[in-house]
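The values are calculated or read from the model by the stated rules, or taken from the named source; none is laboratory data. Computed from a prediction, not measured in an experiment: that's the story for all the values here. Please note: Cβ atoms are built from the backbone with ideal geometry, for glycine as well, and neighbour counts cover all protein chains shown. When the accessible area is computed, the model is the full protein with side chains, heavy atoms only, and any ligands, DNA or RNA have been set aside. Shrake-Rupley method; radii C 1.70, N 1.55, O 1.52, S 1.80 Å.
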Amino acid sequence: MLLEVVRQRKQLISITPLIDVVFILLLFFMLSSTFNRTKQIDITTALPGQQQHQQDSEIKKLFLDADGAVVIEGIRYQSDSSDFIEQLHTYAQSGDQVIVAVSADIRVQRLVKLIDQIRQSGISNLKLAKSVTS
Amino acid sequence: MKLLDINHNSARKNKLDDSMIPAINIVFLLLIFFMLAGQIEARSELLQIPVSSSKTALSETRVEIKIDANGRYFVNDQTVEGSLSEHLGKFVLTAETAIICHVHRDLPASALDPVLAIVGQLGIQQLSIATANQS
């Protein structure tokens, strides 16, 4: 009886330390990993020479001013307005090239929002020009 | 009497260990899931990329430019000392080279000007801006 008990105690391997390690690893991966993968928006840079190859009627210049309004051919639009969105859809349907220029004071987030809006309207021919100091 | 107690305790412990096995299996499965599906990213308050609704996944590129909240430029995680064009001169850039720019969202748009100028000089037409998913 005594011998049997001793043999049983020797065979017993505790898995508690293993579970501890696995739990720590699990916590590490749960807290440090992210599923929010980074995306990208593609833009083409506006080279000065390239504009001359296009007809003027096909190039639409958008200027995002310091107040966050978009100026197209002298007319100011609020970027959330239906007029502006309609305008973008018209450019998309006619396959116009859109060149975006921004005020140097505007935040990058605002610029990205505008590019996003232009892309969503279906305009694929989009170029970004250098910022304009006001 | 004492020996019997030891035997009884040992059996109880064995039973407890056995009942833990399904829980350990689940923990292992969760561990494997997070190891495979999760991505470990360095998060910094100094570089919070703008938010967009773009669905295009970030592609691999040879040249990655980062502009942090302090306006410092990094090319492939190396700090740019001096001008950005000199630093980019170390890389063999062609018109087909894709450049991805991670820029802090609260910076003024003029922070992108040096990048646009170089990209224009080198004839590179494709520039991508890294964005985060809208949540």
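What the table below lists for this structure:
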item	result
Backbone HN-Hα couplings from phi across segment A:96-111 [Karplus 6.51/-1.76/1.60, Hz, Gly and Pro as x]	6, 8, 10, 10, 9, 10, 10, 5, 4, 7, 6, 6, 4, 4, 5, 4
In nm, spacing of pseudo-spin labels at residue A:104 and residue B:56 (7 Å Cα→C-beta vector)	2.8
Efficiency of FRET between residue B:28 and residue A:32 - r from beta-carbon atoms, R0 30 angstrom, step 0.05	0.95
Amide H contacts of residue B:131 (H built 1.01 Å from N, under 5 Å, at least 5 apart or other chain)	A:39, A:40, A:41
Cα-centred dipole magnitude for segment B:60-135, charges only on beta-carbon of K, R (+1) and D, E (-1), debye, nearest 20	40
Computed P(r) (all Cα pairs; segment B:51-133; 5 Å bins; percent)	3, 14, 27, 27, 19, 8, 2, 0
Interface burial for B against A (accessible surface, 1.4 Å probe, total of both chains, Å², rounded to 100)	5000
Reduction of at least 10 Å² in accessible surface, 1.4 Å probe, comparing all protein chains with the chain by itself, residues of segment A:107-127	A:107, A:108, A:109, A:111, A:112, A:116, A:120
Under the Karplus curve 6.51 cos²θ - 1.76 cosθ + 1.60, θ = phi - 60°, whole-Hz ³J(HN,Hα) for segment B:18-29, x wherever Gly or Pro sits	5, 6, 7, 4, x, 5, 5, 4, 5, 4, 4, 4
For segment B:98-111, Karplus couplings with θ = phi - 60° (6.51, -1.76, 1.60), whole Hz, Gly/Pro x	8, 10, 10, 10, 9, 10, 5, 5, 8, 6, x, 4, 5, 5
Total formal charge among the other residues, if their Cβ is under 11 angstrom from that of residue A:108, Lys/Arg +1 and Asp/Glu -1	+3
Local net charge near residue A:88, Cβ-Cβ under 11 Å (Lys/Arg +1, Asp/Glu -1)	-1
Long-range amide H partners of residue A:132 with built H, under 5 Å	A:102, A:103, A:104
Relative packing of peptides B:64-72, B:77-85 - highest average C-beta neighbours within 10 Å first	B:64-72, B:77-85
